[in-house]
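Beneath this line is the structure, given in structure tokens, with notes to follow.
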Amino acid sequence: MKLDDYEFMADAVTKFYNTLRVYGWFHHPSDPLVAVDILHDDRLAVTTAIGFDHGGVLESLGKGKGFSIQTLRKTEDFNEDAELSFTTRSGWTAAIRLTDLCKDRNAIPLRPASVMMNKFLDLVNAEGMRILDIGGRSRSKTDLSALFGNADCKVLDILPGENVDVVGDAHVMSSLFPAAHFDAIYSVSVFEHLLMPWAVVPQMNKILKPGGLALIFSHQTLGIHDPPWDFWRFSDTAWDALFNHQTGFEILERAMDFEQYVLPHIWRPNKTNEERVVGFEGAVVLVRKTGECKMSWPLTPRDLIGSSYPKS
């Protein structure tokens, strides 16, 4: 974010129960930052640090650009009216809403997951492709299939819903659709719920046309959800085990995005600085079908477990 000749960004705005921490950088060529504060937010105590090196901007802006502020607050709520205030040596001041700083950080630079998603959407919409959305049932009034305005999008889900076209299990979806039927496949926050994702990939290969694309978004770090059908987490390198020359795919792009803190509930000596370990909410991969799958997995979830995805 830039105001006048001053540039700044919040790289972390983190609420943990009734504490709030903001960390970022501030730059002006001749008027350094001397104070930061959080306004319009009831707090019991505050600690700040200014002028330390921020690794993300050292190369372009120089040393001593970092700032942090942490407050102990009276409430656990996030106050959307709270503002971060800056004061420089010359007396220049500015106050910016924390929510605006979050929006700015999420948009600039555009996040890798968003770049890949937009590239995929532009391509399939421009070509008017035939798309399969795996697990795209509208939940919390969110229908991601609506993103495909110019494409023919069909939604497959294990449960019925208002926007679901075919109810069925992705593990056997080649029995639900013709071979080489779709130009592209799209799936968001589903692969972690697949009991055997290695069995789903050959199914994807069967129903994709030669050269067909697939964009898969899942999670690397996220809390357990929809138990007991929450099975897996994926790093950016985990995709190689699923999409490879044996399964008939090549990976075009991959990324992890949306940083997460990973903290133990109970402190242990070897976890003293665990807040410096980075996890990622999202792991996304863009792949292309390059040939027929050389592998198969005859078992289905019904052959292995008796539970089913929760009706929520």
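Which of the residues belonging to the range 21-65 are among the small types (Gly, Ala, Ser) and in contact with a Gly (Cβ under 7 Å, 6 or more places away or on another chain)?
Across the range 21-65, the qualifying residues are Gly51, Gly64.
Matching residues to (1) in a loop (DSSP other than H, G, I, E, B); (2) without any contact (Cβ under 8 Å) to a residue 60 or more places away in the chain; (3) crowded, with 16+ Cβ neighbours inside 10 Å:
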| position | (1), (2), (3) |
| --- | --- |
| Ile185 | no, yes, yes |
| Pro202 | no, no, yes |
| Asp226 | yes, no, no |
| Phe231 | yes, yes, no |
| Phe234 | yes, yes, yes |
| Thr247 | yes, yes, yes |
| Ala255 | no, no, yes |
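Output yes when any residue across the range 37-48 is under 20 Å from Ile96 (Cβ atoms), assigned to a loop (DSSP other than H, G, I, E, B) and among the basic types (Lys, Arg), and no when none is.
no
Check Gly91, Gly56 and return the single one that is under 24 Å from the mean Cα position of the chain (by Cα) and in a loop (DSSP other than H, G, I, E, B).
Gly56
Filtering the range 73-101 down to residues that are among the hydrophobic types (A, V, I, L, M, F, W, C) and exposed (fewer than 15 other Cβ atoms within 10 Å of the Cβ), which residue is modelled with the lowest pLDDT?
Phe78
If a residue must be buried (at least 19 other Cβ atoms within 10 Å of the Cβ) and either in a helix (DSSP H, G or I) or within 24 Å of the chain's Cα centre (by Cα) (or both), how many such residues does the range 173-183 contain?
The number of residues fulfilling the criteria is 1.
Check the range 244-260 and report whether any residue there is of a type in the set (Phe, Trp, Tyr) and touching a Lys or Arg at 6+ places or on another chain (Cβ under 9 Å).
yes
Of Asp77, Asp11, Asp81, which residue is charged (D, E, K, R) and over 23 Å from Val262 (Cα atoms)?
So the residue among Asp77, Asp11, Asp81 that is charged (D, E, K, R) and over 23 Å from Val262 (Cα atoms) is Asp81.
Tell me, which residue of the range 109-143 that is part of a helix (DSSP H, G or I) and β-branched (Val, Ile, Thr) is surrounded by the most Cβ atoms within 10 Å (Cβ to Cβ)?
Val124
For every residue, the table says whether it meets (1) out of contact with any strand residue (DSSP E or B) (no Cβ under 8 Å at 6 or more places or on another chain); (2) assigned by TED's automatic domain parsing to the domain that holds Lys119; (3) closer than 28 Å to Phe182 by Cα; (4) not small (Gly, Ala, Ser).
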| site | (1), (2), (3), (4) |
| --- | --- |
| Lys206 | yes, yes, yes, yes |
| Asp230 | yes, yes, yes, yes |
| Ile251 | no, yes, yes, yes |
| Ile266 | yes, yes, no, yes |
| Phe280 | no, yes, no, yes |
| Lys294 | yes, yes, yes, yes |
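Can you tell me which of Glu80, Glu59 is touching a helix residue (DSSP H, G or I) at 6+ places or on another chain (Cβ under 7 Å) and without any contact (Cβ under 8 Å) to a residue 40 or more places away in the chain?
One residue alone meets the criteria, Glu80.
Would you please name the residue that is surrounded by the fewest Cβ atoms within 10 Å (Cβ to Cβ), looking only at residues in the range 209-224 that are in contact with an Asp or Glu (Cβ under 8 Å, 6 or more places away or on another chain) and closer than 25 Å to Glu292 by Cα?
Lys209
Filter the range 209-224 down to the residues that are touching a residue at least 60 places away in the same chain (Cβ under 8 Å) and touching a helix residue (DSSP H, G or I) at 6+ places or on another chain (Cβ under 8 Å), then identify the one that is nearest to Ile185 (Cα to Cα).
Here the answer is Ala214.
Does Val34 meet the test of being assigned to a strand (DSSP E or B) and over 29 Å from the mean Cα position of the chain (by Cα)?
Taking the combined requirement at face value, the residue satisfies it.
Could you grab me the full set of residues in the range 144-172 that are in a helix (DSSP H, G or I) and either within 23 Å of the chain's Cα centre (by Cα) or on the phi > 0 side of the Ramachandran plot (or both)?
Correct list: Leu144, Ser145, Ala146, Leu147, Ala170.
Kindly evaluate Leu33 against the criterion of being of a type outside the set (Gly, Ala, Ser) and surrounded by 15 or more Cβ atoms within 10 Å (Cβ to Cβ).
yes
The values are calculated or read from the model by the stated rules, or taken from the named source; none is laboratory data. No experiment lies behind these values; they were computed from the predicted model shown. Positions of Cβ are generated from backbone atoms using ideal geometry, with glycine treated the same way; all protein chains shown enter the neighbour counts.
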